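Chemist: I am attaching a structure below and will ask some questions about it afterwards.
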Amino acid sequence: MMSQKHLIIFDWDGTLMDSVGRIVSSMQATAKALELPVPLATDVQHIIGLSLAPAIEQLFGGLAEPQLRQFIRRYSDEYVTFNQTPTPLFNGIEVMLDSLRKHHLLAVATGKARRGLNRVLAETSLHTHFVATRTADETAGKPDPLMLQQLINEAQTSAARTIMVGDSIYDMEMAKNAGVTAIGVSYGVHSHAQLLAAGASTVVDSPAALHHYLETVLPQSPEDLSHVS
């Protein structure tokens with residue numbers, strides 16, 4: 001039976017959690033440790049949202065398979081164990097999620113691996129807020145629409161009742177490919193203009209503005225989202 005609630009799907013890094021700085025410094029430290037060219041922070045920010053292997057490919061070109069596996073292992077150790085850069089939820093995110101889940105279904109679509117998402121869900125105590133989650137190591141990565149299609153099916157709703165919220169152009173492109181309304185947040189990795197160009201129907205500039213927008217625009221009645229702009 002199809003759900004009559006709306007589904008709001010959130011990206012994680014740069015949308016719910018302020019983790020961009022840790023991703024950037026971990027990627028740079030890994031490159032230095034493996035004697036690869038250290039990428040600029042802006043270059044690392046541009047690939048955030050992709051799954052790890054394609055992101056590494058964009059930054060460093062065609063690494064041999066053993067070197068790619070070594071990079072992934074080292075990056076994981078750097079991010080989880082060695083790097084001490086704080087990764088808090090953005091201010092107001094927990095309040096927003098608590099409010100939205102009273103009337104809507106919430107989900108996560110992320111470029112993280114399952115182990116990484118499970119870890120941060122446990123650390124933030126947000127695992128009960130979401131009806132479904134998908135990670136890049138268990139389905140096709142962004143901007144392929146499969147991740148969203150699977151979440152929509154699991155939530156037993158439709159693309160017409162779904163919104164994707166993210167901070168990267170890959171989130172916007174994935175939503176467009178899935179026929180889902182895309183809302184961009186410019187406090188993450190990509191700019192207001194980049195998000196609009198990638199297909200966002202609107203862009204907000206703070207978590208508070210996102211909360212206000214979703215509470216104002218999303219009806220609590222079971223109608224589609226063709227009016228959202």
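Chemist: From the residues in the range 135-170 that are under 17 Å from Ala53 (Cα atoms) and charged (D, E, K, R), which one is surrounded by the fewest Cβ atoms within 10 Å (Cβ to Cβ)?
Modeler: Going through the qualifying residues, I end up with Glu138.
Chemist: Here's a follow-up. Within the bounds of the range 89-97, is there any residue that is exposed (fewer than 14 other Cβ atoms within 10 Å of the Cβ) and at pLDDT 95 or above? First the steps, then the outcome.
Modeler: Looking only at the range 89-97, we keep the residues that are exposed (fewer than 14 other Cβ atoms within 10 Å of the Cβ), and these are 91, 95.
Those still in the list that are at pLDDT 95 or above too: 91, 95.
Scanning the range 89-97 turns up at least one residue that is exposed (fewer than 14 other Cβ atoms within 10 Å of the Cβ) and at pLDDT 95 or above.
Chemist: If you go through the range 98-105 one residue at a time, do you hit one that is of a type in the set (D, E, K, R), at pLDDT below 95 and outside the structural domain of Gln156 (by TED's automatic domain parsing)?
Modeler: no
Chemist: Hey, can you tell me all the residues within the range 107-123 that are buried (at least 20 other Cβ atoms within 10 Å of the Cβ) and either in the same structural domain as Ser76 (by TED's automatic domain parsing) or in contact with a helix residue (DSSP H, G or I) (Cβ under 9 Å, 6 or more places away or on another chain) (or both)?
Modeler: Listed by number, the residues that qualify are Ala107, Val108, Ala109, Thr110, Gly111, Lys112, Gly116.
Chemist: Additional query: So which residues in the range 134-187 are of a type in the set (Ser, Thr, Tyr) and within 17 Å of Gly14 (Cα to Cα)? Please lay out each step first, then the result.
Modeler: If we filter the range 134-187 for residues that are of a type in the set (Ser, Thr, Tyr), which is where we start, we get 135, 139, 157-158, 162, 168, 170, 181, 186-187.
Thr135, Ser168, Tyr170, Ser186, Tyr187, listed by residue number.
Chemist: With a cut-off of at least 2 residues that are more than 26 Å from Ser206 (Cβ to Cβ), without any contact (Cβ under 8 Å) to a residue 60 or more places away in the chain and among the polar types (S, T, N, Q), name the helices (runs of 4 or more DSSP H) lying wholly within the range 1-109. So that I can check it myself, show each step before the final result.
Modeler: Details: elements: 20-33, 41-47, 52-60, 65-77, 93-100.
Fully inside the range 1-109 and qualifying: 20-33, 65-77.
Chemist: Among (1) under 14 Å from the mean Cα position of the chain (by Cα); (2) farther than 24 Å from Asp98 by Cβ; (3) buried (at least 21 other Cβ atoms within 10 Å of the Cβ); (4) at pLDDT 95 or above, there is one condition Glu173 misses while meeting the rest; what is its number?
Modeler: (3)
The values are calculated or read from the model by the stated rules, or taken from the named source; none is laboratory data. Predicted, not measured: the structure shown is a model, and the values here were computed from it. Please note: Cβ atoms are built from the backbone with ideal geometry, for glycine as well, and neighbour counts cover all protein chains shown.
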